[in-house]
Every structure is written in C-alpha cells, then in structure tokens.
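K.L.:
The structure follows.
Since every read-out is calculated from the coordinates, none of them should be taken as a lab result. Note that this is a predicted model, so its numbers are computed, not measured. Ideal geometry is used to build each Cβ from the backbone, glycine not excepted, and the neighbour counts take in all protein chains shown.
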Amino acid sequence: MTKNEYSSFVFYACLSGVPDGRLASRKTLEQISRKANKQIYVPGDLIRCLLLLLRVMITPDYQGIELKLQQTEGKTRVFDPVRKRWIILTPEEHVRQYILQYLIVKMKYPIALLAVEKTIKVVNRSKRFDIVLYDRNHEPWMLVECKMPGVPIDEKTLHQLLNYQQTIQSKYWMLTNGHEVFCADATTSEDIAWLTAMPRFPEL
C-alpha cells in the first residue's frame with residue numbers, strides 16, 4: 001500500500017462512520033475499501049491503530065514548568081538541558097523544550113537517557129528525529145515526534161514517525177504539537193495500542 005493510498009483509506013474510513021472508541025474489524029475496513037473503490041491490502045492492526053489516533057489524547061501537565069530563556073543578538077534563545085546549549089526559540093523548538101521538561105520533570109524520565117535531534121539513516125537518507133528516550137540497556141524506549149502549535153497531529157505526522165521507526169525500533173511512540181499528546185505502546189507490532197496515560201519508565 002502506498003502512503004497516498006494509506007492516507008486516503010484511513011481518513012475515508014474515519015469519515016465513513018466507524019464508531020468512536022471501537023476497533024474496526026478487518027471485514028468493516030474491507031467493506032469501506034470497496035465502497036471507496038480501492039483494491040488495496042488492509043493490514044488490520046496498523047489500520048486499527050491509525051483509526052484510533054485522533055480519539056485517544058493525553059493532556060500534558062505543564063504546571064510549574066518554566067523554560068530558561070535569554071535574548072542575544074535580537075533573538076530569543078532557550079537552554080536545552082539535554083544538549084546543554086542555547087538554541088534559537090522557533091515555534092517547534094518551543095514545543096520540543098516544553099515536552100522535554102514534561103518528560104524530565106513530570107514523568108521523571110532520566111535526562112541522561114534522552115537524545116535530541118540526532119541524525120539517523122532512513123532509507124539511505126539522513127534524517128533527524130526530535131527526541132528519543134533510551135532504556136537502561138541503551139535500547140530505544142520512546143520515539144517522540146514534535147510539531148509546532150497549530151500543526152495537526154494527523155496521518156502525515158504518523159507517517160513521519162513510522163519512517164523513523166523503521167530505523168529506531170522504539171517500544172513507545174509519542175506525537176505532539178504541545179497542546180495534544182498521543183502515545184502508543186508498540187512493544188508488540190501485532191497489537192499496537194494508543195494509551196490514555198504516559199507509560200512509567202521501567203526500573204532495573
């Protein structure tokens with residue numbers, strides 16, 4: 001299935017009355033596919049995952065979180081506690097820094113195991129992920145994709161994260177524009193589930 005087919009199919013399915021909060025059956029999805037006059041393969045678990053994307057949202061708690069800002073050369077910069085340097089404060093960076101603080105301060109995820117904007121190879125092309133949290137065995141535990149406020153968390157955002165996932169193979173996914181947070185347990189690829197709360201970091 002191509003990305004365009006995927007996107008068209010998923011959002012056609014959503015608009016075709018698949019009830020909120022219910023996992024659509026493979027038969028239902030195939031019926032929607034025929035109605036849309038598309039002869040495409042339906043990978044059931046991932047389609048179910050996509051259909052629930054816009055229905056399971058976590059509201060982040062930013063209370064008490066403050067970013068360290070400074071003005072230099074007419075530009076606002078924010079201090080990144082992971083990269084340990086001042087970064088120009090763009091709208092997307094604003095979201096990334098609030099999410100970092102949320103993960104560190106509120107979720108108590110270990111700062112020493114966080115990586116920010118590192119380059120990886122995705123299908124022979126260099127890409128930079130937003131945030132990856134590693135477990136204590138230094139295996140990718142959570143992959144985070146950040147968008148600036150106002151950018152919808154939709155199928156394009158998910159496709160971007162899934163492209164990175166091909167290389168990173170993380171156990172959890174997080175997609176956010178600052179106001180909306182979606183988190184999925186992808187520990188078992190055959191049973192991906194969108195969560196109603198952020199997962200606890202595993203202890204040794």
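K.L.:
Using a 10 Å cut-off around each Cβ, can you sort Leu69, Leu175, Leu113 from fewest to most neighbouring Cβ atoms?
P.N.:
Neighbour counts put them in this order, fewest first: Leu69, Leu113, Leu175.
K.L.:
Can you give the extra length, in nm with one decimal, that the chain gains between Thr90 and Glu203 once fully stretched, where that is 0.36 nm per residue apart less the Cα-Cα distance?
P.N.:
That works out to 37.2 nm of additional length.
K.L.:
Now for a different question. Using 0.36 nm per residue of separation minus the Cα-Cα distance, give me the extension gain between Glu139 and His159 in nm, one decimal.
P.N.:
5.0 nm
K.L.:
Now for a different question. Ranking Lys84, Lys106, Lys68 by Cβ neighbours within 10 Å, fewest first, what do you get?
P.N.:
Sorted ascending by nearby Cβ count, the order is Lys84, Lys68, Lys106.
K.L.:
Stretched out fully, how many nm does the piece from Glu117 to Lys75 gain, at 0.36 nm a residue minus the Cα gap?
P.N.:
13.0 nm
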